[in-house]
Amino acid sequence: MKHVLTILALTLSIQAGACDVCGCSASNQYLGILPQFQWNFAGIQYQHSSFSSVHPSLFEGWPDEHAQDYYNTIQAWGRYNVGRRLQVFLFVPYQYNIDHADTATSSSSGLGDISFLVNRIMIKDKGSAGGWGHQLIAGGGLKMPTGHHNGITTPDRLGLPNLQPGTGSWDFMINANYTLRHNKQGLNLDAAYTLTTANKDNFKYGNRLNAGLLWYYALKFKGGVSLLPQAGLRYQYTLHDYDNYRKKWLNEQSGGYLSFGDVGLQAYYKRLGIRLDCQLPLAQHYGNGYVNAKQKTEAGIFILF
Amino acid sequence: MRSGILVSLILITAICSCQKKDSTAPDPASVSINITSPASGQVYHSGDTISIDADVTYTSELHGYEVKIADTASGFVVYDDAQHVHDDHFNIHDKWVNTGTQATGLKLTLTAIVDHDGGGTEKNIDFEYQP
């Protein structure tokens, strides 16, 4: 079909916050596999992730505190081609996060941090029909502190800075994405790095690397329907947060790595697309071992135009 | 040009992965705790609101504090509050109402924590309760 899927997978990582042993992401988004370059699109996606954590007590006689955190993002997003070589992405998230701790349950919701990316198509080689093709895009962007953010001190007394929809900081993102295709299948390798800055409270969330390797297979059916199963691995590495960046107070109980197995499916009908994705943790050491990531799920719908 | 961009991205990433840290060794002895209320020897009666006011300062990052009031005769803890705070100074403003029926001596202990291992320093104030 005209909808021969030239695959572009792009993974973004937008950082979030950390208290003593958290560092769980309050907004950690992936674009996933998208249809061909020349189309613009607009869509809505839902993301869910959860973590369990143990806060070791600093005080004699006080028990460790356990918590289950649930992060939910509903996000409007889209891509717009500017000329033949540039692509602009825009993300407008809404967060709804819940913390079930031993002693209390808290939640926070609101507009998150809006971000955008500008990517340049560096290589665009479709190859011959049925043969090899590959493409590379790379670029950068900015995450703006538009989300509601209370500051660190007040929520930190409750141990809940991660629940906030916003981070209060301007962050820079760089990313590169390479796809190798042969016949109906292909491999995609992507990496995105978020460079954070300190917010007005001098709190600085850790820089974050997010990388993935995905295999996919394109199935086309009569009537303009196509399916795209995919599977692969994802890896995320986050540096320590700074409780106070100006004074270099490094929080060594934050940050770490997470790796996930990733399976997903996309379905297209003419200009309408849907996607489902599930990630299960394979190995991890996060928050000095006090934080355990659980499964992530994503679902979305988008329209090409 | 393409390789130059990619090399630049890798260099930026590598440079930004370095993390400096405050190398000040934890020194609980240099924590300054100033308890302004209750005053030493102050006498409270049934229904009085006991204000707990204190200022804590340190040369580096504090991680939290615990305020505890104990009956000096029995050792029984009648008030206990602990908070995580990440700053080099903070103020404490708590309140407690004692409704006990027996006269006793009380001891307030404020402990400031300077590291994640629970290391800290404390200061005590003795006062009285007479219903």
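Assorted remarks:
- Residues of type lysines that A:LYS296 reaches as a straight line, Cα spacing below 26 Å, ignoring anything fewer than 8 places off in the same chain: A:LYS143, A:LYS204
- Taking only alpha carbon atoms, region A:123-235 gives an Rg to Rh ratio of 1.17, where Rh is the Kirkwood radius.
- Reachable aspartates and glutamates from A:LYS126, criterion Cα separation under 14 angstrom, eight or more residues apart if same chain: none
- In order through region B:116-128: 3J(HN,Hα) via Karplus (6.51 cos²θ - 1.76 cosθ + 1.60), integer Hz, x for Gly, Pro: 7, 8, x, x, x, 9, 9, 9, 10, 9, 9, 8, 10
- Fewest neighbouring Cβ atoms within 10 Å first, the residues A:THR196, B:THR72 line up as B:THR72, A:THR196.
- The residues B:LYS123, B:LYS68, A:LYS143, when put in order of fewest to most other Cβ atoms within 10 Å, stand as B:LYS123, B:LYS68, A:LYS143.
- Cα centroid separation - region A:243-305 against region A:72-89, whole Å: 19 Å
- Shown here are the Rg and Dmax of the Cα trace of region A:56-119, at 19.4, 65 Å.
- Sorted from greatest to least, the principal axis extents spanned by the alpha carbons of region B:31-130 come out as 42, 22, 18 Å.
- All Cα-Cα separations within the protein assembly as shown were binned at 20 Å from zero, giving a P(r) of 24, 46, 21, 8, 1, each value a whole percent of the pairs.
- For the protein assembly as shown, the Cβ-based charge dipole about the Cα centre amounts to some 4120 debye (Lys, Arg positive; Asp, Glu negative; other atoms uncharged).
Rule-based calculations on the coordinates, nothing more; no lab input. Just so we're clear, the structure is a prediction, and the values are computed from it rather than from any experiment. Methodologically, a virtual Cβ is constructed for each residue, glycine included, from the backbone with ideal geometry; neighbour enumeration extends over all protein chains shown.
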